[in-house]
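Everything on this sheet refers to the single structure shown next.
The values are calculated or read from the model by the stated rules, or taken from the named source; none is laboratory data. It should be emphasised that the depicted structure is a prediction, and the values quoted were computed from it without experimental measurement. FYI the Cβ positions are ideal-geometry reconstructions off the backbone, even for glycines, and counts take in every protein chain you see. Surface areas here come from the heavy atoms of the whole protein model, side chains and all, with no ligands, DNA or RNA. Shrake-Rupley method; radii C 1.70, N 1.55, O 1.52, S 1.80 Å.
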Amino acid sequence: YLNIIAQTGREKAVADSLADSLASGKFGKWSEFVIPSMDEGNIMVPLLGQALNRVGLTVASPITGAAPYIPLPRTWPDYLQSLHQKKRYVITRSMRDFETWTGGAWKLHQARNTADLAEGSRILADLHNARWHADGETGAFQQRRFQAFHADVMQRLLEENRLELTWLTAH
């Protein structure tokens, strides 16, 4: 799910500020403001709806789909055991095939410092852009504003030891 990013405890202030900015034209002229795929159970949905209503804007919150998820057991073996036998076979076989393909020479990396963050960010942007270029489109990382936003947020999260940027290398 997507969402409006707000510091815990500041959600109402963020919703009010966004509504005020939209109503005052701070973002320029617009005729429709769409935020797709928000989690209806998230606090920002009703707060944003209330804030937009407060400034006289019409709000609609249709449910258009749901993001699938699985509640995960505590351990990997418990997860595998919870699967149907055929699915468990596919996963374990795929893992064996991966090990054979890599010859065991693979590594899971995690951004733990500024150098790791730079490398992980580059890989993230490259993979994102390659995926969108394959469809003849430009990815979001082509926009400087998007790049700057992610660079700022990821750096802050790294400094707070809350960043989870992980990638796998093989060969």
**Report entry** Check on Gln85, closer than 30 Å to Gln7 by Cα and open to solvent by 60 Å² or more (accessible area, probe 1.4 Å)
**Finding:** no
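If you scan segment 4-45, which residues turn out to be on the phi > 0 side of the Ramachandran plot and in contact with a strand residue (DSSP E or B) (Cβ under 7 Å, 6 or more places away or on another chain)?
Ser37 - this is the single residue of segment 4-45 that is on the phi > 0 side of the Ramachandran plot and in contact with a strand residue (DSSP E or B) (Cβ under 7 Å, 6 or more places away or on another chain).
For segment 1-33, give me each residue that is in a helix (DSSP H, G or I) and without any contact (Cβ under 8 Å) to a residue 24 or more places away in the chain.
Within segment 1-33, Ala13, Ser17, Ser21, Ser24 qualify.
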Query raised in the report: Considering Thr75, Thr64, which residue is exposed (fewer than 10 other Cβ atoms within 10 Å of the Cβ), touching a Pro at 6+ places or on another chain (Cβ under 9 Å) and of a type in the set (Ser, Thr, Tyr)?
Result: Thr64
Query raised in the report: Wholly within segment 76-171, which helices (runs of 4 or more DSSP H) include no fewer than the required count, namely at least 3 residues that are touching a residue at least 24 places away in the same chain (Cβ under 8 Å) and of a type in the set (Gly, Ala, Ser)?
Result: none
Report task. Answer yes or no: is there a residue in segment 92-109 that is out of contact with any helix residue (DSSP H, G or I) (no Cβ under 8 Å at 6 or more places or on another chain), over 30 Å from Ala170 (Cβ atoms) and surrounded by 10 or more Cβ atoms within 10 Å (Cβ to Cβ). Result -> no
Report summary line: In the set Pro46, Pro36, the lone residue that is open to solvent by 50 Å² or more (accessible area, probe 1.4 Å) and part of a loop (DSSP other than H, G, I, E, B) is Pro36
